[in-house]
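Peer 1: Before anything else, here's the structure in question.
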């Protein structure tokens, strides 16, 4: 297998602030990483595809100006939730594609916006 | 429009029994079909995955059956154990797995001792 980490695991912030979540592939290089969102007792929904060195591709209905994604290296992608509001509270999970293998998922980040 | 339909929503199986979860997809461009296990507050963990060139894949107690013509695939958990109690998600994607995944709604599995 392969290991993907996320930081932080939990974050609580005030409405209107921005929050950055990091996703790292620890033992492999990932040209492509993905960001998913999961609301309580629901399924995972793909938010965006992040390719190293290029702009992220967002799924329909996901605000690109609100969810800023940066994939600056082959082992790191970041998701910044700008001007967070209570409705952005969710479980954010990243995955990294390991070539010719599969997507490995991180442990998730629980975001709570007060 | 949901592209991956998963059933049942919840399932109770006796210890030692066989747990069966089914999924159906619509997008014929999908060519990668993984199953994930998720415990509360944790990220999904890959159990087993299949590509359309085979109709069945087995890894330990987990088996995927795949029917390309019917656009259906299923997960069988043999000799189910209480530790298998979790939420299971099927997913589908293109690019051999390199594209973003579309997930089913999940099955909450309870194994009774």
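Peer 1: Checking residue B:113 against (1) within 14 Å of another protein chain (Cβ to nearest Cβ); (2) in contact (Cβ under 8 Å) with a residue 12 or more places away in the chain; (3) surrounded by fewer than 20 Cβ atoms within 10 Å (Cβ to Cβ): exactly one of these is not met. Which one?
Peer 2: Residue B:113 satisfies every listed condition except (1).
Peer 1: Considering only residues that are away from chain A (no Cβ under 14 Å) and surrounded by 19 or more Cβ atoms within 10 Å (Cβ to Cβ), which ones fall in the stretch B:11-23?
Peer 2: Residue satisfying the conditions is B:19 alone.
Peer 1: For the stretch A:11-27, enumerate the residues that are surrounded by fewer than 16 Cβ atoms within 10 Å (Cβ to Cβ) and more than 20 Å from residue A:90 (Cα to Cα).
Peer 2: Result: A:26, A:27.
Peer 1: Quick check on the stretch A:96-110: of everything there that is under 16 Å from the mean Cα position of the chain (by Cα) and more than 8 Å from chain B (Cβ to nearest Cβ), which residue is surrounded by the fewest Cβ atoms within 10 Å (Cβ to Cβ)?
Peer 2: Going residue by residue through the stretch A:96-110, those that are under 16 Å from the mean Cα position of the chain (by Cα) are A:96-97, A:103-110.
Right, trim to more than 8 Å from chain B (Cβ to nearest Cβ) and you get A:96, A:109.
Working: A:96: 29, A:109: 23.
Ranking the qualifying residues of the stretch A:96-110, first place goes to A:109.
Peer 1: Is it the case that some residue within the stretch B:66-76 is closer than 15 Å to residue B:111 by Cα and surrounded by 14 or more Cβ atoms within 10 Å (Cβ to Cβ)?
Peer 2: Step one: list which residues in the stretch B:66-76 are closer than 15 Å to residue B:111 by Cα, which gives B:76.
Next, from what is left, pick out any that are surrounded by 14 or more Cβ atoms within 10 Å (Cβ to Cβ): B:76.
The answer is yes; a qualifying residue exists.
Peer 1: From the list A:48, A:30, pick out the single residue that is buried (at least 16 other Cβ atoms within 10 Å of the Cβ), in a strand (DSSP E or B) and within 14 Å of chain B (Cβ to nearest Cβ).
Peer 2: On the way: A:30 fails: in a strand (DSSP E or B).
Residue meeting the stated conditions: A:48.
Peer 1: For the list (1) under 23 Å from residue B:37 (Cβ atoms); (2) within 9 Å of another protein chain (Cβ to nearest Cβ); (3) surrounded by 13 or more Cβ atoms within 10 Å (Cβ to Cβ), I need the number of the one condition that residue A:41 fails.
Peer 2: Evaluating residue A:41 over (1) under 23 Å from residue B:37 (Cβ atoms); (2) within 9 Å of another protein chain (Cβ to nearest Cβ); (3) surrounded by 13 or more Cβ atoms within 10 Å (Cβ to Cβ) leaves (3) as the failure.
Peer 1: Follow-up. Look through the stretch B:34-64, keep the residues that are under 22 Å from residue A:38 (Cα atoms) and in contact with a helix residue (DSSP H, G or I) (Cβ under 9 Å, 6 or more places away or on another chain), and return whichever of them is surrounded by the most Cβ atoms within 10 Å (Cβ to Cβ). Steps first, please.
Peer 2: Within the stretch B:34-64, the subset under 22 Å from residue A:38 (Cα atoms) is B:34-49.
Narrowing the set further to residues that are in contact with a helix residue (DSSP H, G or I) (Cβ under 9 Å, 6 or more places away or on another chain) leaves B:34, B:37, B:49.
Numbers: B:34: 23, B:37: 19, B:49: 19.
The qualifying residue surrounded by the most Cβ atoms within 10 Å (Cβ to Cβ) is B:34.
Peer 1: State whether the residues of the stretch B:89-107 include one that is in contact with a strand residue (DSSP E or B) (Cβ under 9 Å, 6 or more places away or on another chain), surrounded by fewer than 16 Cβ atoms within 10 Å (Cβ to Cβ) and away from chain A (no Cβ under 14 Å). Explain how you work it out, then say what you get.
Peer 2: Start the filter on the stretch B:89-107 by keeping residues that are in contact with a strand residue (DSSP E or B) (Cβ under 9 Å, 6 or more places away or on another chain), which leaves B:89-107.
Then keep just the ones that are surrounded by fewer than 16 Cβ atoms within 10 Å (Cβ to Cβ); that gives B:95-96.
In the following step, the residues that additionally are away from chain A (no Cβ under 14 Å) were identified as none.
Checking the stretch B:89-107: not a single residue is in contact with a strand residue (DSSP E or B) (Cβ under 9 Å, 6 or more places away or on another chain), surrounded by fewer than 16 Cβ atoms within 10 Å (Cβ to Cβ) and away from chain A (no Cβ under 14 Å).
Coordinate-derived values only; no laboratory data. Bear in mind that the values here come from a model prediction, so they are computed numbers and not experimental data. For neighbour counting, all protein chains shown are included, and Cβ atoms are generated from backbone atoms with ideal geometry for every residue, glycine included.
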